Amino acid sequence: MNQLTHIDEAGKATMVDVGAKTPTKRSATARAIVCLTPEILQQLSGGELHTPKGSVFQVAIIAGIMAAKRTSDLIPLCHPLGMDNCTIDIRLNEQNEVVITCTAAITAKTGIEMEALVGASIAALTIYDMCKAMSHDIVVKEIMLIEKTGGKNDFRR
């Protein structure tokens with residue numbers, strides 16, 4: 001079984017020392033799903049929701065990218081990283097759920113999956129925030145890592 005990397009031998013929280021690692025190209029993709037009510041979905045126009053606060057999906061994309069860039073400020077033991085790229089895609093699936101996909105990339109000594117997860121999460125929460133005036137019956141679900149490459153092990157769901 002793998003050891004927890006952020007707990008030292010004495011059981012104390014610790015930042016992982018990546019000083020001796022070689023930088024490699026790394027990427028991660030995370031997904032979040034937002035379930036909107038039929039009434040909110042009826043407001044879709046050209047694949048976008050418009051509210052008095054602005055274009056919901058466009059604001060969510062910007063919020064997700066901004067959050068991904070600030071992951072180390074939000075999650076205490078994450079290393080501050082200067083991402084090479086971060087993209088967020090928002091689409092409706094066949095079940096009329098809003099699917100948010102965040103992909104982050106970097107060449108570094110440590111992975112970028114937390115940045116992708118934070119980006120997808122905050123984009124989903126932004127959609128909730130912008131639509132809650134129409135209904136509080138909005139569900140954010142299935143925030144998960146889809147794929148990561150680079151480093152010791154690759155992962156794909």
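The values are calculated or read from the model by the stated rules, or taken from the named source; none is laboratory data. The structure displayed is predicted, hence computed values, not measured ones. Virtual Cβ from ideal backbone geometry, glycine too; neighbours counted across all protein chains shown.
Residues of the range 115-157 that are buried (at least 22 other Cβ atoms within 10 Å of the Cβ), of a type in the set (S, T, N, Q) and out of contact with any helix residue (DSSP H, G or I) (no Cβ under 7 Å at 6 or more places or on another chain): none at all. Of the residues making up the range 101-157, those that are in contact with a strand residue (DSSP E or B) (Cβ under 7 Å, 6 or more places away or on another chain), hydroxyl-bearing (S, T, Y) and closer than 11 Å to R26 by Cβ are T107, T149.
For S72, the test of being among the polar types (S, T, N, Q) and free of Cβ contacts under 8 Å to residues at least 60 places away in the same chain is passed.
Listed by first and then second residue, the pairs linking a residue in the range 145-157 that is touching a residue at least 40 places away in the same chain (Cβ under 8 Å) to a residue that is among the aromatic types (F, W, Y), with Cβ atoms under 6 Å apart and 6 or more places separating them unless they lie on different chains, are K148/F155. Does the range 32-46 contain at least one residue that is under 24 Å from the mean Cα position of the chain (by Cα), modelled with pLDDT under 80 and more than 22 Å from R156 (Cα to Cα)? Looking through the range 32-46, at least one residue is under 24 Å from the mean Cα position of the chain (by Cα), modelled with pLDDT under 80 and more than 22 Å from R156 (Cα to Cα).
The set of residues from the range 32-73 being surrounded by fewer than 13 Cβ atoms within 10 Å (Cβ to Cβ) and closer than 30 Å to D8 by Cα comprises just one member, D73. So for the range 98-117 (the condition being of a type in the set (K, R) and touching a residue at least 24 places away in the same chain (Cβ under 8 Å)), does at least one residue qualify? Within the range 98-117, one or more residues are of a type in the set (K, R) and touching a residue at least 24 places away in the same chain (Cβ under 8 Å). Does the range 64-83 contain at least one residue that is among the hydroxyl-bearing types (S, T, Y) and closer than 18 Å to L36 by Cα? Scanning the range 64-83 turns up no residue that is among the hydroxyl-bearing types (S, T, Y) and closer than 18 Å to L36 by Cα.
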